[in-house]
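S.K.: Structure in structure tokens, see below.
The values are calculated or read from the model by the stated rules, or taken from the named source; none is laboratory data. All of these numbers come straight from a predicted model, not from anything done at the bench. Don't worry about glycine lacking a Cβ; one is built from the backbone with ideal geometry, like all the others, and counts go over all protein chains shown.
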Amino acid sequence: MRKALIVEDDYRIGMLHEKYLESIDGLESAGHALNAKEMWALLRDRAADVLLLDIYLPDSMGIHLLEDIRHYYPEMDIIIITAATDREYLEKSLRGGIVNYLIKPVTIEKFEQTMKEYLSKRAVLDSVENVDQQFIDDYMAQSSAMKPAADKRKLPTGIDYLTLERIEKVLHEAGGGLTAEQAANRIGASRTTARRYLEFMISEGDAEARLEYGIVGRPERHYYEV
């Protein structure tokens with residue numbers, strides 16, 4: 001479960017965003033800070049994976065906090081949620097390493113879409129140990145060609161469209177069958193991750209598994225594209 005810390009000086013908006021978080025599987029609130037001082041206090045006491053940061057705070061500008069946040073919490077992701085529409089703020093935020101930028105007012109649909117995309121991208125990175133250029137291209141482009149199909153299929157928790165696309169690709173290119181370990185090696189993920197995606201493909205009717213005997217005579221599960 002990933003935790004999101006909300007930094008929003010408008011109490012009502014902050015509470016609304018906390019309520020939005022309740023509807024998203026895999027994400028929960030780590031608290032709500034009304035200003036920069038409260039934000040630093042909460043960060044010292046609670047772990048947070050992603051910071052939902054407003055730009056206009058009573059004691060600081062959110063974009064002025066980015067450098068220090070990056071210094072003290074380099075592994076924490078940042079999403080800006082603000083009424084600021086100045087291009088300058090967007091550019092400074094991007095240079096500060098944000099992962100998204102939302103303009104208020106944010107509808108629940110847009111909020112959920114953004115946070116689910118964030119969770120999906122984090123899951124993709126967590127599922128691999130090594131990356132190649134194709135993975136990076138797909139990741140940076142959000143795999144636009146694959147995403148509508150994946151959304152339409154309503155992928156379950158633990159299955160993201162980018163990793164699924166890579167598993168489908170290596171299985172197709174293999175021609176013959178692949179074991180979970182072979183598939184894992186080709187996409188740079190763990191065997192457990194590869195097996196989960198291969199079994200999902202079977203449940204969707206996109207692959208089949210056959211028990212085949214190896215050199216030592218022990219049957220091993222091989223996956224084939226259907």
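S.K.: Test of understanding: among D59, D54, D9, D25, which residue is crowded, with 19+ Cβ neighbours inside 10 Å, assigned by TED's automatic domain parsing to the domain that holds V99 and of a type in the set (D, E)?
M.R.: On the way: D59 fails: crowded, with 19+ Cβ neighbours inside 10 Å; D9 fails: crowded, with 19+ Cβ neighbours inside 10 Å; D25 fails: crowded, with 19+ Cβ neighbours inside 10 Å.
The match here is D54.
S.K.: Here's a follow-up. Modelled with pLDDT of 85 or more, aliphatic (A, V, I, L, M) and more than 17 Å from D126 (Cβ to Cβ), is that true of A174?
M.R.: yes
S.K.: Further question: Only one of these conditions is not met by T85: (1) modelled with pLDDT under 95; (2) within 17 Å of the chain's Cα centre (by Cα). Which number is it?
M.R.: (2)
S.K.: I would also like to ask the following. Would you point out the residue of the range 174-201, among those that are within 24 Å of the chain's Cα centre (by Cα) and among the aliphatic types (A, V, I, L, M), that is surrounded by the most Cβ atoms within 10 Å (Cβ to Cβ)?
M.R.: Ranking the qualifying residues of the range 174-201, first place goes to A194.
S.K.: Residue under question is G14, and the condition is that it be surrounded by 19 or more Cβ atoms within 10 Å (Cβ to Cβ) and either assigned by TED's automatic domain parsing to the domain that holds I80 or not polar (S, T, N, Q) (or both); does it hold?
M.R.: Spelling it out, G14 is indeed surrounded by 19 or more Cβ atoms within 10 Å (Cβ to Cβ) and either assigned by TED's automatic domain parsing to the domain that holds I80 or not polar (S, T, N, Q) (or both).
Conditions (1) out of contact with any Pro (no Cβ under 7 Å at 6 or more places or on another chain); (2) in contact (Cβ under 8 Å) with a residue 12 or more places away in the chain; (3) assigned to a loop (DSSP other than H, G, I, E, B), marked per residue:
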| position | (1), (2), (3) |
| --- | --- |
| I159 | yes, yes, yes |
| L164 | yes, yes, no |
| L171 | yes, yes, no |
| G176 | yes, yes, yes |
| E181 | yes, yes, no |
| R186 | yes, yes, no |
| Y197 | yes, yes, no |
| E212 | no, yes, no |
| R221 | yes, yes, no |
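S.K.: Taking the range 32-80, which residues are touching a residue at least 40 places away in the same chain (Cβ under 8 Å), more than 19 Å from the chain's Cα centre (by Cα) and part of a strand (DSSP E or B)?
M.R.: Hits for the range 32-80 are Y56, L57.
S.K.: Suppose we filter the range 93-113 for residues that are assigned to a helix (DSSP H, G or I) and crowded, with 18+ Cβ neighbours inside 10 Å; how many remain?
M.R.: Qualifying residue count, the range 93-113: 2.
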